[in-house]
Amino acid sequence: MPGGDMKTPLLADSDSDAPGPLPRLPGNPVVGIIGSGDYSRSLAIRLVASGFGVVVGSRNPQRIASGLFPEGVQLRSQREAVDGADRVVFAALYPEHYHTLAGLRDGLAGKVLVDVSNATRLNSGEPSHAERLAELFPQSRVVKGFNVISAWALQAGAHDGSRQVLICSDCCDSKAAVVQLVRRLGFSPVDLGGLAASRAIEEAPLHLFPPWGGPVLVTLLLFLFFYGYNFLRRVLLPYLDHGENNFYQLPLQTVNQTLPAVALVTLALVYLPGLVAAVLQLGRGTKYERFPGWLDRWLCRRKQLGLLSFLCAGAHAVYSMCLTLRRAAGYTLLNAAYRQVKAGVENSWVEQQVWRSDLYLSCGILGLGVLTLLAITSLPSVGNALNWREFTFVQSGLGYAALTLSIMHTLFFGWDFAFSSLAYPYFLPPVFLLALILPCIVLVGRVLLALPCLTFRLAKIRRGWESSRHRRCPRDQEPIEEAPPQNFGDV
Ligand code: NAP
């Protein structure tokens, strides 16, 4: 910007020496924003688009480039912005600069001060920025909010990006005013209670897929284990033993033998914690005793494990379709055909092999289809449209159907060579046999739990019944009190 322009007021009435009164449209509340950075600008754009009057308070309003803020936004000093705002003032600056606003304490008294800042690190143990702001401005009503919405999302509007705005405050009236404002901007307010929740809200944007860490790690470890096992059994040992060069299998074939094993075991891990929880409840004879922490966490990660299983199964399907496109497949087929011609074999049709391949492919396709259905219903928008019974039917009923089909797919695949000694080179069983162990245990466990004697007892426990050793003995004719629920009703 040329130097001369700096002296020209951006707006006719924004001369800070003699500021005119703030123009306001009847019925349009004026919102103040302190700070003229990225967030302030995006917020101003959204507020103006939603019919609010906006006054931006800057340390130096003349320095703001013309056209940066939308038409109608008043660019003033910080004090004028605070005085000009009807009720709500946003603090759109970094928390380390909050103390520089101390001079505005009187002007901000009784006003709603919205803290939009984000935390810079997790679990710092320090008071939140909003709590510090409330200490600095004891006469203002501090509300935490908007920080989970980025400047970009604010400008894009509620049609794109995240819609939820997490809010908390110790003043219910002020929170209600901000909730209303959030709605008018087209977002969805989520009230998280008092200012004590502000630390969690500030840290929310710092989390990197929090529920995914454990499941991704487990899936990765399973992948490394099965890949390493395949590499050892089919590539390294044959090479060291008799110089057979199978290294070409590493990028595609070995990966494709690993993926279904990972998918199957991960799917079993989705249903195993439910069985463990049921066994614990049956053994304890009550549902009012807490599960161990690891089981609680495992139960909460079933959706992520299921989606990772779906990912591996989907990738396995694509890899399998590409197997015949490989050069190696072409050469192998040609060599086999040549050997057959040389041996004078005219018909290589083997009825048993035909059935085997058709059956395992069909079970695999059906299993993947059911898994896809499960993955779709785990989307919040789809899951929310189902009632509890429908959701349980899909996630549990269809889930076990997917597990059964996947087990059948694997069994049909290996039916003829699982019992041949050739399948155990170096005494190492094929990977699909290892992958079947856990899913079969889960399936058998589920069948056992379906026995009427266990099902009825479990249903009774989940409705609140307790075995006699958990009921308190009546002492001196005292009535028996019921233990308060502590944990999951249904698993
Ligand atoms: P920014 O572009 O750096 O703007 C900060 C503004 O603070 C400056 O433009 C400045 O405006 C003002 N300010 C007031 N006193 C100051 C001082 N003593 N020193 C320096 N600047 C001072 O930052 P921002 O991206 O708008 O972020 C502002 C707040 O919004 C932060 O707390 C951030 O955590 C939060 N936030 C930002 C986003 C985002 O996407 N950007 C998303 C969520 C939350 P004047 O020069 O006009 O006074």
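Evaluate the distance, in nm, between pseudo-label points positioned 7 Å from the Cα of Gln62 and of Ala336 along their respective Cα→Cβ axes.
Output for this residue pair reads 8.5 nm.
Run through the DSSP bridge list for region 93-212 and note the antiparallel percent, rounded to the nearest 5. If you can, show how the numbers build up before the last one.
Values: 2 of 10 bridges.
Of the beta bridges lying entirely in region 93-212, close to 20 percent run antiparallel.
Name the lysines eligible as straight-distance cross-link partners of Lys460: C-alpha to C-alpha under 16 Å, and not fewer than 8 places from it in the same chain.
In chain and number order, the partners are Lys287.
How much length is gained on full extension from Glu96 to Arg290, taking 0.36 nm per residue of separation minus their Cα-Cα distance?
Extra length available between Glu96 and Arg290 comes to 65.6 nm.
Can you compute the FRET efficiency between Val350 and Ala176 using 1/(1 + (r/R0)^6), with r the Cβ-Cβ distance and R0 = 60 Å? Round to the nearest 0.05.
0.20
Dipole of the chain (Lys/Arg Cβ +1, Asp/Glu Cβ -1, origin at the Cα centre): which of Val350, Phe456, Thr372 lies farthest to the positive side?
My answer, from the dipole projection, is Val350.
Run the reach check for Lys111 against lysines, Cα to Cα strictly under 28 Å, same-chain hits fewer than 8 apart removed. What comes back?
Lys111 reaches Lys144, Lys175.
Mean residue ellipticity at 222 nm from the helices of the chain, using -39,500 (n - 2.57) per DSSP H segment of n ≥ 4 over the full residue count, to the nearest 500 deg cm²/dmol?
Helix contribution divided over all residues of the chain: -15500 deg cm²/dmol.
So for the pair Ser421, Tyr239, with labels modelled 7 Å out along Cα→Cβ, what separation do we get in nm?
The answer from the label model is 2.8 nm.
Starting from the Cα-Cα distance between Ile441 and Leu361, subtract it from 0.36 nm times their residue separation and give me the gain in nm to one decimal.
Taking Ile441 through Leu361 to full extension adds about 26.5 nm, to one decimal.
Counting heavy atoms of the protein chains only and a 1.4 Å probe, report the per residue accessible area for the chain as a whole number of Å².
Details: 27110 Å² over 491 residues.
In whole numbers, the chain has 55 Å² accessible per residue.
Roughly to the nearest percent, how much of the accessible area of region 163-251 is carbon and sulfur, given a 1.4 Å probe?
Exposed carbon and sulfur together represent 65 percent of the surface.
In vacuo Debye scattering of the chain, one point per C-alpha: log10 I(q)/I(0) at q = 0.06, 0.07, 0.08 Å⁻¹?
Scattering profile of the chain, log10 relative to I(0): -0.50, -0.64, -0.76.
If you line up the long axis of helix 431-449 against the longest principal axis of the chain, both from Cα atoms, how many degrees apart are they, to the nearest 10?
Compared with the principal axis, the helix lies near 80 degrees.
The values are calculated or read from the model by the stated rules, or taken from the named source; none is laboratory data. All values derive from a computational prediction rather than experimental measurement. Cβ: placed from backbone, ideal geometry, glycine included. Neighbour counts: every protein chain shown. SASA here: full protein model, heavy atoms, side chains in, ligands and nucleic acids out. Shrake-Rupley method; radii C 1.70, N 1.55, O 1.52, S 1.80 Å.
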